[in-house]
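Colleague: Below: one structure in structure tokens.
Derivation of every value follows stated rules applied to the coordinates shown; laboratory data play no part. Every value quoted in this text rests on a predicted model; they were computed, and no experiment measured them. Every residue, glycine as well, gets a Cβ built from its backbone with ideal geometry; the counts of neighbours run over all protein chains shown.
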Amino acid sequence: MTTDPLDHLPLSVQGERRRQAILATAEQALTGRVRARRSRRSLASFCLLIGCAVVMTLALTPTENEGPTGSETGRSVASVPEGLPPVERLTDDAMLAALAALGIDAGMIELDGEQRLVTPEGTPLDIAALNQSLGS
């Protein structure tokens, strides 16, 4: 580090005032830079936070192409694989006739506003077990 040979000389009153004014201006400039840097960091953090919130909202919002999920309807929703023919809706009598043709004796009752398949004994028909027995 080099030293200025004039550093040890005292300044005049006007020189000391200029020196103080220069130091005050330098301190103000430094303070302004520090504030600007902090402001940019805060703004960048805020923008990142807003961006993450937007991404999470879009990720969690179902699109128009998506159907209702089981939790929204209270029932499970099965997806139909592509390439299958459209499902034919059966009337209650047609469904009971189709079950009878398969050798399954069943009836239909309405309980709490819902239609339910039952065995001749009145117990609910186990559709999952029925699917397994017909599939194998």
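Colleague: Could you tell me the convex hull volume per residue, in Å³, taken over the Cα atoms of region 91-136?
Modeller: 79
Colleague: What distance in nm separates the two pseudo spin-label positions at Thr57 and Val118, each 7 Å out from Cα along the beta-carbon direction?
Modeller: Taking the simple label geometry, Thr57 and Val118 are separated by 5.0 nm.
Colleague: Once label points are set 7 Å from the Cα along Cα→Cβ at both Gln14 and Phe46, what is their separation, rounded to one decimal in nm?
Modeller: For Gln14 paired with Phe46, the spin-label model returns 4.8 nm.
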